[in-house]
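Every number in this text was worked out from the coordinates using simple rules, so none of it is lab data. Worth saying up front: this structure is predicted, and the values here are computed from it rather than measured. Note that we place each Cβ from the backbone using ideal geometry, even for glycine, and neighbour counts take in every protein chain shown.
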Amino acid sequence: MKNYIKPIMLFMAFFSFAGCDNFVDVAIPDSQLTGDLVFEDANTASAALADIYSKLRDSGMLAGSNIGSGSYLGLYADELFYYGASNENSLFVFNNTLLPNTAAVSQLWNDSYQQIYCANAVIEGCEKSVALSKADRNQFIGEASFIRAMVHFYLTNLYGDVAYITTTNYEITRQATRMPVAAVYASIIADLNRAIALLPENYLSADRVRPNRSTAIALLARVYLYRGDWAEASNAASAVLNNPAYVWETNLDKTFLKDCKATIWQFIPKAAGNNTDEGALFIFKSGPPTFAGLRPELFQSFASNDLRKTRWIATVTDGKTTWYHANKYKQKTATATSVEYSIVFRLAEQYLIRAEARARQGELIGAKEDLNVIRKTAGLLNTTAITADDIVAAVMQERRFELFTEYGHRFFDLKRSGTLDSTLPILKPGWNKTDALWPIPEKELLANPNLTPNPGY
């Protein structure tokens, strides 16, 4: 299933609901192929999952285009400056003037719940199947459980209390209620533990485009970090870092190549020769940019000798004005063969997770060792931080420099550290405390009286 964007018609008949307006409307017409037939064969069941990955790559939170979290939350926080048209959704995100009826708000919500619906359909279909082998059933349920956990993770961090949907039953989903974030996290952890128990350690293919056990552990480490479960976060990150399948890449120019051994999980492009949507979106050759560029403040915050400043950021000038763009992915257009895939999880985050978790537990030597792995690769000297608080602050700074424009890390870091309201108003005069959460889409509120609006909207 390496080229998994080629649809298998049985599966496409089963999952033809992409046009639904909201997750409570998702239902399968009686005339379409039933899930029982889809999951009587390992090939069509695998195609079902492959299609979900293409949906994740092309829409919703993990999309690398201008409708994904890397773009939206880069604009919403302090990574990207918007240069595009005044009628674009991205402008409302950039100006933090979102409303419950803003298209961007409902788009991320709807895409996410549609992806969750797909994952639930796979789980239910595989659980009922009598034809699949135990190994195939475990693989597919493990992957779908991971997907369900991951998408809910992004939903709760963006919208706060959300419904954790574990069924395709329309009568249940249409009346879903919002769960407290703590309960959502508990469900995420349960799904990830199930995925870890079911997924194999080996990848299905060498290009790492289908998650393995370590992928689920990597997300679990992040979840524990966000919850403040420092020991669990450190242990989970260690489990990934100690896996010999992953090799730290010391050359920044190779970090985002498709065959980098520091990659944990990535998306294959739509077609052979295509590269990443991130490269197509962020790279521009002349100014002014037609969409967005890195904020000058971000560029200037890097130390002059930080190799990430020269390797991962490009400068464009017309002789009078200078602009900057993310240059982690180097390819804007297609090449003879694909050289870059969109990397969702990579080893650097695991080092930073463990560094922070260790520091917060008082394991200062180990925390500094992990932090220095990142700094050394960037051409920097070892950290001078001494106290636990200083090390945590240094880790947060390295996260900013290491993970910029990658799936909203910066926004979520500011949020979980309680520094949104002291950081963003400097660059965003209209910032309000209630902007920490996006509004619940208006259509959802009208369709389901059990859903309640977020404060400030």
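Brief remarks follow.
- The fraction of all Cα pairs in the stretch 258-383 landing in successive 5 Å bins from 0 to the largest distance is 2, 10, 15, 16, 18, 16, 12, 7, 3, 1, 0, given as whole percents.
- Full-extension gain in nm, residue 381 to residue 397, via 0.36 nm per residue minus C-alpha separation: 4.3 nm
- Simple label model, 7 Å out from Cα along Cβ direction - residue 450 to residue 54, nm: 3.3
- Estimated FRET transfer efficiency when R0 is 22 angstrom, pair residue 290-residue 318 (beta carbons, to 0.05): 0.95
- Most positive-pole-ward Cα, 352, 77, 312, against dipole of the chain from beta carbon charges: 312
- Sum of -39500 (n - 2.57) over DSSP H runs of 4+, divided by residues of the chain (222 nm, nearest 500): -14500 deg cm²/dmol
- With R₀ set to 25 Å, the beta-carbon distance separating residue 103 from residue 207 gives a calculated FRET efficiency near 0.15.
- For the listed peptides 129-138, 324-333, a ranking on the average number of other beta carbons within 10 Å per residue, highest first, reads 324-333, 129-138.
- Helix 364-377 axis versus longest C-alpha principal axis of the chain: approximately 80°, rounded to the nearest ten.
- Set 55/332; 332/433; 330/376; 330/368; 309/332 screened for pairs whose C-alpha atoms are more than 29 Å apart: 332/433; 330/368
- Along its first, second and third principal axes, ordered by size, the chain spans 62, 48, 48 Å in Cα coordinates.
- The stretch between residue 247 and residue 307, if pulled fully straight at 0.36 nm per residue, gains 19.6 nm over its current Cα-Cα span.
- Most positive-pole-ward Cα, 126, 38, 59, against dipole of the chain from beta carbon charges: 59
- Using 0.36 nm per residue and subtracting the Cα-Cα separation, the extra length available between residue 261 and residue 433 on full extension is 57.9 nm.
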